[in-house]
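Visitor: One structure is given below, represented as structure tokens, and several questions about it will come after.
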Amino acid sequence: MRVTSLEIDTTGQVITDLTSELVSFCLGQGDGLAHAFCPHATAALVLMELGAGSDLDLLSWLDRVLPRTDSYRHQHGGRGHGADHLLPALLGASVTIPVAEGRPRLGTWQSLALIDTNGDNNRRQVLLSFLGA
């Protein structure tokens with residue numbers, strides 16, 4: 001199994017498109033499965049359309065579902081930090097994508113994105129792994 005680590009600075013952005021990194025990682029790998037994993041308690045990974053409004057809809061939905069209030073039991077960090085800890089439970093910390101002929105088989109409008117609402121930590125890691133067929 002091949003594994004690489006992406007080091008990502010999320011300063012000033014909640015959504016980071018990782019599709020090009022995924023495509024580069026899979027290049028030349030043949031057939032198999034690519035797996036992306038975010039080893040953080042306050043960030044998530046999703047497959048979704050970006051840039052056509054869906055990303056803004058996701059942010060609006062997160063604001064409604066996980067408001068930035070002081071109502072969470074988990075109280076350290078900035079205001080509403082408890083919501084950050086619920087993010088991966090709602091969205092997930094990993095995704096698996098089939099790969100054929102060295103290309104991830106994403107849908108036409110699908111992108112791999114890191115979601116990070118935690119303004120207290122802007123250094124993130126995403127592990128990409130490839131398991132050949």
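Every number here is computed from the coordinates shown, using simple stated rules; none is lab data. The model shown is predicted, which means the values in this text are computed figures rather than measured ones. No Cβ is skipped: glycine too gets one built from the backbone with ideal geometry, and neighbour counts run over all protein chains shown.
Visitor: Nearest 20 debye, what's the magnitude of the dipole of region 1-121 about its Cα centre given +1 on Lys and Arg Cβ and -1 on Asp and Glu Cβ?
Guide: 280 debye
Visitor: Here's another thing I want to ask about it. Could you state the orientation-averaged shadow area of the convex hull built on the Cα atoms of region 21-99, in nm² to one decimal?
Guide: Its average projected convex-hull area is 6.4 nm².
Visitor: Next question. Suppose R0 equals 25 Å. What FRET efficiency, 1/(1 + (r/R0)^6) with r the Cβ-Cβ distance, do VAL3 and LEU59 give to the nearest 0.05? Present the calculation step by step, with values, prior to reporting the outcome.
Guide: Values: r = 30 Å, r/R0 = 1.22.
The formula returns an efficiency of 0.25 here.
Visitor: Go through region 95-112 residue by residue and turn each phi into a ³J(HN,Hα) via Karplus (6.51, -1.76, 1.60, θ = phi - 60°); whole Hz please, and just put x for glycine and proline.
Guide: Listing the rounded values in order: 9, 10, 10, x, 10, 10, 6, x, 10, x, 8, 6, x, 3, 10, 7, 10, 8 Hz.
Visitor: Starting at the first residue of region 116-123, write each ³J(HN,Hα) from the Karplus equation 6.51 cos²θ - 1.76 cosθ + 1.60 with θ = phi - 60°, in whole Hz, x for Gly and Pro.
Guide: Here the 3J(HN,Hα) series is 9, 8, 8, x, 7, 9, 9, 9 Hz.
Visitor: Another question, then. Select from GLY82, GLY30, GLY51 the residue whose mean-square fluctuation is largest in a Gaussian network model of the chain (Cα-Cα springs shorter than 10 Å).
Guide: So, out of GLY82, GLY30, GLY51, the one fluctuating most is GLY51.
Visitor: Let me ask another. Regarding region 1-51, what whole-number volume in Å³ per residue does the convex hull of its Cα atoms give? Intermediate values should be presented prior to the final figure.
Guide: Details: hull volume 5.6 nm³, N = 51.
Each residue corresponds to 111 Å³ of Cα convex hull volume.
Visitor: Further question on the same structure: Could you give the spread of the C-alpha atoms of the chain along their three principal axes, from largest to smallest, in whole angstroms?
Guide: Answer, in whole Å and largest first: 49, 29, 22 Å.
Visitor: If you don't mind, another one. Alpha carbon centre of region 104-133 versus region 44-87: separation in Å?
Guide: 16 Å
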